[in-house]
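**Q** Sharing a structure, written as structure tokens. Questions coming.
The values are calculated or read from the model by the stated rules, or taken from the named source; none is laboratory data. For clarity, every value in this text was computed on a predicted model and none was experimentally measured. Cβ atoms come from the backbone with ideal geometry, glycine included; neighbour counts cover every protein chain shown. The accessibility values were calculated without ligands, DNA or RNA, using every heavy atom of the protein model including side chains. Shrake-Rupley method; radii C 1.70, N 1.55, O 1.52, S 1.80 Å.
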Amino acid sequence: MLENEEIEEPTIKPVKEIFLTFFKSYSAVTGLIILIGIAVMGFIGPLFYPTDPFDMVWMPFSPPGTDGFLLGTDYLGRDILSQIINGARVSIAIGFSAALVSCFIGVGIGSFAGFYGGWVEETLMRLTEFFQVLPTLLFAMVIVALFGSSVLSITLAIGAVSWASVARITRSEFLRIKELDFVLASRASGSNNLALIFRVILPNAAAPIIVQSALLVGAAITFEAGLAFLGLSDPNVISWGQVIGSNRIYILDATYTVTIPGIAIFITVLAISLVGDGLNDALNPKLRSR
Amino acid sequence: MKKHFLKTLLLTATLIFTSLGVSFAEPKKGGTLIAAVGNNPRHLNPAVQSGIVTGFPGAQLFATPIRYDNNWEPQPYLAESWDISDGGKTVKLNLVKDAVFHDGVPIKSSDVKFSLETIKKHHPFKTMFAPVVSVETPDEHTAVLKLSSPHPALMLAMSSQLMAIIPEHVYGDGQDPKTHPQNSENVVGSGPFKLVEFKSGEHIILERFDDFFIDGRPYLDKMVLKIIRDPATRTIGLENGEIDFYAFENVPTNINRLKKNANLNVTPDGYAAIGPIDWLAFNTKSGKTADVNVRRAIAYAIDRNFILKAIMLGVADEARTGIHPGSPYYEPDVEAYDIDIDKANKILDDAGYKKGSDGMRFGLNVDFGWPGLRPNAEYTKAALKKIGIDVTVRQSADFPTWAQTVSNHNFDLTWDTVFNWGDPVIGVHRTYQTSNIKKGVIWSNTQQYSNPKVDAIMEKAGVENDMDKRKALYSELQKMLANDLPVYWTNTLPYHTIYSNKVGNPPMGIWATSSPMDMTYIKD
């Protein structure tokens, strides 16, 4: 039975089936809808709510609801609603690009380690372990401190510290799949190593990597907020983390300036986790049959 | 008649206060003061280390020749009297006779000589004792300072944390005084309190020195200085009663919040000589800000009133010049650059900076020296957009990075907080002197501003012993600086002292906690 499954699994399931499973899950769909809503808000919202998030529009520290400012104003009298709308774009962009960076590094390292084995694997996996035991926040802080607090350096820093899990998952998938018959068949029919890695094995290892990457998006958004809380954010770009970070010292007296972006992050990360779970169910036949 | 009237008034007042339950408690011996310090001091020896963080424990551990009262009047301290002769070029200090260091060794004039020489060599404030050529010690209790020129700043430089008297038999052992092990442990001081323990990052514990040279003082048995960096933690500690005392609070929301607490007193008094001023400094040598028109336009576009009301929430004062408004030399009658966007735009138009299609003329960077100034930097971005200057806020990774950027002159604009340190010679001249353009040195003339007339006035004012003449010189200086605008001064940093109702006589002089707290006590 077990052997049967293992042989069947590599065949790529019809895309339709994956979609069906995904959309059957109530929570996954909810997450997706929220995520789309937030993305729409971030990218199209500024057209409908054109207040510049950097303009000082009203009295500082006006609580939510004051004089038509739905979410109030911050310490410089800037509109928090506008900051949330415009911040969505940047937070999501940082989340996805950082996850993409970790995915890129993780898959690269994991696939080579898994495929070649031997000293390549030894070296690459020791490197992965090194990154895994590093205190990620501290390491990211060092990177941002060295290269300055720009969106690019923050994204790269988050990507650079969170790829280890992707690398390990990729490697273990490669270790399993590279021994399977269809890979041997491919090799016998003359495929070179690179083609084997990227055309034959990787597509079949994609499922867990996609799920892991989806979760990394949420983690990256919270990571950005964490860095911003410690003051490491780009003051020229509005992101939710930046809103939290710059309002931090007023937390005792103007709690809403910190909680509102906090709630935005919470909802987004929750939505991403729901989508991630949904993807996991849809892509993983073992779980689905249960 | 008048006497009788006063007596009646006094009696009535006493009756009223007694009936209200207010008592003028006599200072009482005993008790422990739990205070907070906002940062970790590098070490505790103020003779070789500047800064208010070392100043707080430093002024308790080490005595200075003189101290100041609340009205800028010098008072005897380790020197029971002094004579100034030879047109201000000879200053004789008569030391207290029975003063001893914490290890019991008598404090002699040779220690004063040693301390001054050490400070002159190792303290970052080079102007403090620059004219002092030699110190003569005719006997154990007399030190005579010989100066090359009159130096009115000398009196303030001999007070507070600026001229700690350190024991020659300890710090004169040949080791580098800046890294001497006894700067942090087994400190042998001359002040009212001795060191029990300094645990870096955690606390400094001080204990009454029983053989202190002023009889009956200090009143406190013990001072515990807790090192608490996070403002919110300190605020909550004060509210809970875990901390009795905190000086140098400057977060406006915290100040306003603590003012509402009936158990606490919040006061801006006591910082006149520290003289902290927030300002926007310009790079006057390179980039667009080298043009005085650009600097003036920026000053007109930045609303000092907005900073005072919105960012500082009403707890700070206006500062129109580089001399603190609490100083006797402050000249408020200068060009103030009150907000005028139209004028700012016109200045830039006339100077030939045309707006592009996006409404912007050119871009500038703004840096800021410490996190408290980040709102000012963000405000600058919003404010200068109105006159077509596209500002990028640059966040430095940490203080040393910022200091390196600015001191190497790689900036356009930077927000900064700079202290007067009592006399203009100590804390003001350094910002504008041509001779103090020193690459790599922070809080030197990093603006690279140079005006021979300004240099000449400062040189004259530095040696002028006549108070009125000196005031006139500094008045002229401030007007010239406001015209050239190497720096746009906005406000005083709103330093406040917060102390609980049980603390009597908190330090309210001109030097805040950089002065001995031998008169502070704990009420019943």
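**Q** Going by the structure shown, is residue A:107 open to solvent by less than 40 Å² (accessible area, probe 1.4 Å), farther than 21 Å from residue A:150 by Cα and in a helix (DSSP H, G or I)?
**A** Details: open to solvent by less than 40 Å² (accessible area, probe 1.4 Å): yes; farther than 21 Å from residue A:150 by Cα: yes; in a helix (DSSP H, G or I): yes.
Yes, satisfied.
**Q** Note down all Cβ pairs under 9 Å where the first residue falls in the range A:246-273 and is at the interface with chain B (Cβ under 8 Å from one of its Cβ atoms) and in contact (Cβ under 8 Å) with a residue 12 or more places away in the chain, the second is assigned to a loop (DSSP other than H, G, I, E, B) and open to solvent by 10 Å² or more (accessible area, probe 1.4 Å), and they're at least six residues apart or on different chains.
**A** Qualifying pairs under 9 Å: A:246/A:231; A:250/A:61; A:250/B:251; A:253/A:61; A:254/A:60; A:254/A:61; A:254/A:63.
**Q** Quick one: would you say residue B:405 is closer than 28 Å to residue A:151 by Cα, surrounded by 23 or more Cβ atoms within 10 Å (Cβ to Cβ), touching a strand residue (DSSP E or B) at 6+ places or on another chain (Cβ under 9 Å) and β-branched (Val, Ile, Thr)? First the steps, then the outcome.
**A** Values: closer than 28 Å to residue A:151 by Cα: yes; surrounded by 23 or more Cβ atoms within 10 Å (Cβ to Cβ): no; touching a strand residue (DSSP E or B) at 6+ places or on another chain (Cβ under 9 Å): yes; β-branched (Val, Ile, Thr): yes.
Spelling it out, it is not the case that residue B:405 is closer than 28 Å to residue A:151 by Cα, surrounded by 23 or more Cβ atoms within 10 Å (Cβ to Cβ), touching a strand residue (DSSP E or B) at 6+ places or on another chain (Cβ under 9 Å) and β-branched (Val, Ile, Thr).
**Q** Which is outside any strand (DSSP E or B) and touching a strand residue (DSSP E or B) at 6+ places or on another chain (Cβ under 8 Å), of B:204, B:243, B:214?
**A** Details: B:204 fails: outside any strand (DSSP E or B); B:214 fails: touching a strand residue (DSSP E or B) at 6+ places or on another chain (Cβ under 8 Å).
Matching residue, one of B:204, B:243, B:214: B:243.
This table checks each residue for (1) over 30 Å from residue A:42 (Cα atoms); (2) over 17 Å from the mean Cα position of the chain (by Cα); (3) away from chain B (no Cβ under 14 Å); (4) modelled with pLDDT of 85 or more.
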residue: A:97; (1), (2), (3), (4): no, no, yes, yes
residue: A:102; (1), (2), (3), (4): no, no, yes, yes
residue: A:106; (1), (2), (3), (4): no, no, yes, yes
residue: A:126; (1), (2), (3), (4): yes, yes, yes, yes
residue: A:137; (1), (2), (3), (4): no, no, yes, yes
residue: A:153; (1), (2), (3), (4): no, no, no, yes
residue: A:163; (1), (2), (3), (4): no, no, yes, yes
residue: A:172; (1), (2), (3), (4): yes, yes, yes, yes
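**Q** Is it fair to say residue B:221 is in contact with an Asp or Glu (Cβ under 8 Å, 6 or more places away or on another chain), touching a residue at least 40 places away in the same chain (Cβ under 8 Å), more than 30 Å from residue B:328 (Cβ to Cβ) and among the acidic types (Asp, Glu)? Give the derivation first.
**A** Details: in contact with an Asp or Glu (Cβ under 8 Å, 6 or more places away or on another chain): yes; touching a residue at least 40 places away in the same chain (Cβ under 8 Å): yes; more than 30 Å from residue B:328 (Cβ to Cβ): yes; among the acidic types (Asp, Glu): yes.
For residue B:221, the condition - in contact with an Asp or Glu (Cβ under 8 Å, 6 or more places away or on another chain), touching a residue at least 40 places away in the same chain (Cβ under 8 Å), more than 30 Å from residue B:328 (Cβ to Cβ) and among the acidic types (Asp, Glu) - is met.
**Q** Hey, could you check the range A:54-81 for residues that are among the aliphatic types (A, V, I, L, M) and touching a residue at least 60 places away in the same chain (Cβ under 8 Å) and say which is nearest to residue A:243 (Cα to Cα)?
**A** Checking each candidate, the answer is A:80.
**Q** Out of (1) over 18 Å from residue B:486 (Cα atoms); (2) out of contact with any strand residue (DSSP E or B) (no Cβ under 8 Å at 6 or more places or on another chain), what's the single condition that is false for residue B:331?
**A** Residue B:331 satisfies every listed condition except (1).
**Q** Moving to a separate point now. Out of the residues in the range A:197-240 meeting the condition of being in contact with a Lys or Arg (Cβ under 8 Å, 6 or more places away or on another chain) and of a type in the set (A, V, I, L, M, F, W, C), tell me which one is nearest to the other protein chains (Cβ to nearest Cβ).
**A** A:229
**Q** Right, next: Output yes when any residue across the range A:166-184 is touching a residue at least 60 places away in the same chain (Cβ under 8 Å), outside any helix (DSSP H, G or I) and among the aliphatic types (A, V, I, L, M), and no when none is.
**A** yes
**Q** Please identify the pairs in which a residue from the range B:355-372 that is free of Cβ contacts under 8 Å to residues at least 60 places away in the same chain and part of a loop (DSSP other than H, G, I, E, B) has its Cβ atom under 6 Å from the Cβ atom of a residue that is of a type in the set (D, E, K, R) and buried (at least 18 other Cβ atoms within 10 Å of the Cβ), counting only partners at least 6 apart or on another chain.
**A** Final answer for the pair search is B:355/B:361; B:369/B:416.
**Q** Still on this structure, please answer the following. I'd like to know if the range B:330-346 contains one or more residues that are within 13 Å of chain A (Cβ to nearest Cβ), open to solvent by 10 Å² or more (accessible area, probe 1.4 Å), over 21 Å from residue B:411 (Cβ atoms) and of a type in the set (Phe, Trp, Tyr).
**A** So far as the range B:330-346 goes, no, none of its residues is within 13 Å of chain A (Cβ to nearest Cβ), open to solvent by 10 Å² or more (accessible area, probe 1.4 Å), over 21 Å from residue B:411 (Cβ atoms) and of a type in the set (Phe, Trp, Tyr).
**Q** Please determine, by comparing only the residues of the range A:52-89 that are part of a helix (DSSP H, G or I) and surrounded by 21 or more Cβ atoms within 10 Å (Cβ to Cβ), which one is nearest to the chain's Cα centre (by Cα). Outline the logic, then answer.
**A** First, pick out the residues of the range A:52-89 that are part of a helix (DSSP H, G or I): A:66-68, A:80-89.
So of that shortlist, the ones also surrounded by 21 or more Cβ atoms within 10 Å (Cβ to Cβ) come out as A:80, A:82-88.
Numbers: A:80: 24, A:82: 24, A:83: 21, A:84: 19, A:85: 19, A:86: 19, A:87: 16, A:88: 14 Å.
It comes out as A:88.
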